[in-house]
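The values are calculated or read from the model by the stated rules, or taken from the named source; none is laboratory data. In this text, all values refer to a predicted model and were calculated from it rather than measured experimentally. Because the Cβ atoms are built from the backbone with ideal geometry, glycine has one as well, and the counts that use them run over all protein chains shown. For accessibility, only protein heavy atoms count, side chains too; no ligands or nucleic acids. Shrake-Rupley method; radii C 1.70, N 1.55, O 1.52, S 1.80 Å.
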Amino acid sequence: MQNMTWLDALSKRYNLNREADRPPSVEIVERIAIVAKTRWVLLLLIGLYCCYAGGFFYFSKYGFFLTPSQLTFLFVTLVGVVSYNLFLESSSRHADMAHVLSILQILLDMLFVTILIQFSGGASSWFWPVYLIITIEASYLLEKRREVWMIGAVGSLLYGTLLTGHYYELIPYITMPFVEHGLHHDPLYLALMWFWVVILNATVAFIGTFLMTVIRNDNEALRKSEERLVNFLDTANDLIFSIAPDGRFLYVNHAWLRILGYRPEEVSTLKMLDILHDESRTQCLREFRDVLAGGKTDPLEAVFRARDGRLITVEGNLTGIIKDDKSAAIWGICRDISDRKQTQEQLYRLAHHDTLTGLPNRILFLDRLKQARALAHRQKLHMAILFLDLDRFKIINDTLGHSIGDKLLQSVAQRLNCCVREVDTVARIGGDEFIIVLVNLKEAADAEKVAQKISTTLSASFNIEGHELFATTSIGISLYPEDGEDLDNLVKKADIAMYNAKGLGRNTHQYYESAMDENAHKRLVLENGLRKALDGEEFHLHYQPKIDATSGAITAMEALLRWVHPDLGLLPPSEFIPLAEETGLIVPIGEWVLTRACQQNKAWQLEGLPPVRVAVNLSGYQLQQKNLVDVVTRALAQSGMEPCYLELEITETVIMQNPDFAITILSELQELGVEISIDDFGTGYSSLAHLKRFSVNTLKIDKSFVRDVEINSKDAAIATAIIAMGNSLNLRVIAEGVETEGQVTFLKENLCDEMQGYFFSRPMPAEDVAAFMRDRGVELSRIADADKGTLSE
């Protein structure tokens, strides 16, 4: 016997047609129907035998020995058997009468067999073994042993009654040819014959009940095993289902119903295609065909659509049930992995995206970069890498806190995404550094257009939790294949170009050039030396005078920092101040400059020189220091200089990064008596409304607007507008970068208050300032005397 798998057991249990489980009474009714069908076969065999025997006797020397009355009785008996068999077949549908019908048909069969024995010779009849068949029938139909024994006893009693009736001639027996008549009156023969039938009947009853008990116990154990299996499947957390070859659902467990949200009565109208998501249909149908063809499938992943439209990702296996060499059903077991998939996607996103901005991180960026290079190589186009670093972002982060800084980074990321195409990649690789990959560029100049677009987009103010902030960026650009094919080198070159852009004053962009490699090496040398420069007294201050436009008198001396590097010599601020700001050394360096400049100005005053202001540049990092006012107060106290002789210059861009904070600090400084000047005015984003709120004394026109005032009408208009604005707000206006007589004339004609530049003097060391101031005073006295002589004439 072939072993039955659990799938076969389930398929048999569910009949592959979703029929409900049948109660035991229904099974008894089916047994009655089976016995009724078997009885037809037995009647046919007995009828054929009787016809054969009757014909044999009729044509033999014995002749036909049954009388008409006997034939009539036998025929009536046969009609009775056929009638009750038909009745049993028609009544077998009534489960409530099953037990009564079982006993009734067994008793009728006993009676029929007894009549058959009577008409086939009585004590000499060879039909008595049919009693054994009736006992087996009782064992099959009746579950209680006592009832089977009672049926056996009834059969024995009927047979004994028949023999007793013959012996006492109460029942006429039919004389059979070639059978001794005296046997019907021989008590010994009759007793032995009866005893033999009783013994065999009892034996068959015992064996029959024993075998049927074993069979029933086995069936009960199998049924309970199936029920346990079905209960296990119903209560399993995995989705288990069975479908017919046409896709109809034959079985689904509770987990399937719960997860997909269907009611049990709805399943009968569903097909597998109804719950498959479009993206899974092709693969699943292919797997179904393979299973129906008898093949095996690998673990399958699919997406189901729940009743409410939810998408549920599952993973599982399929197997087929073969019946009569044909596929009868497909069983599937799978589990809901939606949470796991979501977790995997989240882990993938965490591994490949920046958690703050949602942009690709370095890992995903490098992968996109490889794809972009391959695409550019295949299509013979350009690829550009833009390396961005936000200017002075650390100031905002340190003063307003990381929460504001993080939200600013998020807003910057959104604006950067708006500046590029969907095929391009914007990534954040750490801190305030972003990197962009531009693919499929027809011309290398297209990268510059994007860089300009980014600068323009970021120039608009950011409103972060009520703070109006401004962010600029320095951008370095490298190109493929112009700057090489190695991706790491291309990123490095874009980084070098970005630092070069910072060195040019920030808020600009630069293409990589091979000459920048030397600057990169120089930058490394400077960074290493910068940490020792302050302690090694390698810093020096040079001073450049500011001249009154009307009188020509010196109004102030601006302190300009110089670094005398032991290997590189004298270095201007533009080469090391950005590096000092990045490393954080700008704070101690700036404090040193402030203290030294105040001490030097006080020393000039003690020498008897005319008192003038000393102007000191504050970096954005210094302005954002919470103890800046204390630092200024301490420098004034240590030098003994009056606050009115100190002028602090702060660039417009630095002030506008955090205007609200700047207003507070500038007000506190002005309360000390210190004068405030906005440096590089015209290059930032301040408006008249902002300017009115700032506590400042002076506007300093950026030299880029002064340089071409003689020849460029736009620059002349800007310079004129700034002067007019300052005058209207009662602020002094000073122009820096004055180098020609024409510039001086223009500025005087437009009522600029002060001027500064090479036209008057280059920056000079402190020891040369005294002689310059004395010479300048003598020259002004001579000019004044000449003017008086001219007036007297």
(message) Tell me the carbon and sulfur percent of the accessible area for the chain, rounded to whole percent, probe radius 1.4 Å.
(response) 56 percent
(request) Could you list which residues have their amide H under 5 Å from that of MET764, counting only those 5 or more apart in sequence or on another chain, with H placed in the peptide plane? (result) TYR543, GLN544
(request) Report, to the nearest 10°, how far helix 68-91 tilts away from the longest principal axis of the Cα atoms in the chain, using its own Cα long axis and a range of 0 to 90°. (result) 10 degrees
(request) Just tell me which aspartates and glutamates come within less than 18 Å, Cα to Cα, of LYS522; anything on the same chain fewer than 8 places away is out. (result) ASP495, GLU513, GLU538, ASP567, GLU575, GLU581, GLU582
(request) Mind sorting out which of (1) 58.9; (2) 48.7; (3) 43.3 is the real mean projected area of the Cα convex hull in nm² computed from the coordinates? (result) (1)
(request) Please state the charge dipole magnitude for the chain, taken about the Cα centre, from unit charges on C-beta atoms (+1 on K and R, -1 on D and E), reported in debye and rounded to the nearest 20. (result) 4040 debye
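Using a 1.4 Å probe and counting only protein heavy atoms, arrange THR740, THR282, THR473 so the residue with the most accessible area comes first.
THR282, THR740, THR473
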(message) For GLU739, what residues show an amide H to amide H distance below 5 Å, using hydrogens built from the backbone and excluding near sequence neighbours?
(response) PHE759
(request) Taking a cut-off of 30 Å between Cα atoms, list the lysines near LYS380, but don't count ones fewer than 8 places away on the same chain. (result) LYS370, LYS442, LYS449, LYS453, LYS492, LYS493
(request) Go ahead and estimate [θ] at 222 nm for the chain from helices alone: -39,500 (n - 2.57) per DSSP H run with n ≥ 4, summed, over the residue count, rounded to 500. (result) -18000 deg cm²/dmol
(request) Return the whole-Å distance between the Cα centroid of the range 648-684 and the Cα centroid of the range 402-433. (result) 28 Å
(request) Tell me the trypsin sites (Lys or Arg not before Pro) within the range 121-171 that lie in a loop according to DSSP and have at most 15 other beta-carbon atoms within 10 Å. (result) LYS144
(message) Can you give me the distance in nm between label points at VAL82 and MET150, each placed 7 Å from the Cα along the Cα-to-Cβ direction?
(response) 3.3 nm
(request) Sequence neighbours fewer than 8 away in the same chain don't count; with that in mind, list the lysines whose C-alpha is under 19 Å from LYS602. (result) LYS546
(message) Could you order the peptides 308-315, 346-353, 153-160 from most to least packed, using the average number of other C-beta atoms within 10 Å per residue?
(response) 153-160, 308-315, 346-353
(message) Using the Karplus curve 6.51 cos²θ - 1.76 cosθ + 1.60 with θ = phi - 60°, what ³J(HN,Hα) values do you get for each residue of the range 254-267, in whole Hz, with x for Gly and Pro?
(response) 5, 4, 4, 5, 5, 6, 8, x, 9, 8, x, 6, 7, 5
(request) Could you work out how far helix 659-671 tilts from the main Cα principal axis of the chain, as a 0 to 90 degree angle to the nearest 10? (result) 30 degrees
(message) Please list, ordered by chain and number, the residues whose modelled amide H lies under 5 Å from the amide H of ASN507; skip anything fewer than 5 residues away on the same chain.
(response) THR473, SER474
(message) Charges on Cβ only, +1 for Lys and Arg, -1 for Asp and Glu, centred on the Cα centroid of the chain; of LEU350, LEU585, ALA293, which one is farthest towards the dipole's positive end?
(response) ALA293
(request) Could you pull the accessible area for ASP278 with a 1.4 Å probe, rounded to 10 Å²? (result) 110 Å²
(message) Could you give each residue of the range 570-575 its phi-based ³J(HN,Hα) in whole Hz, using Karplus coefficients 6.51, -1.76, 1.60 with θ = phi - 60°, and x for Gly or Pro?
(response) 6, 10, x, x, 4, 8
(message) Would any residue of the range 743-761 have its amide N under 17 Å from a label point 7 Å out along Cα→Cβ of SER551? List them or say none.
(response) 752-756
(request) Go through the range 182-191 residue by residue and turn each phi into a ³J(HN,Hα) via Karplus (6.51, -1.76, 1.60, θ = phi - 60°); whole Hz please, and just put x for glycine and proline. (result) x, 4, 5, 10, 8, x, 5, 4, 5, 5
(message) Show me the trypsin sites (Lys or Arg not before Pro) within the range 603-705 that DSSP assigns to loop and that have at most 16 other Cβ atoms within 10 Å of their Cβ.
(response) LYS626
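For the chain, what does the accessible surface come to per residue with a 1.4 Å probe? Please give it in Å².
For the chain, the solvent-accessible area averages 50 Å² per residue.
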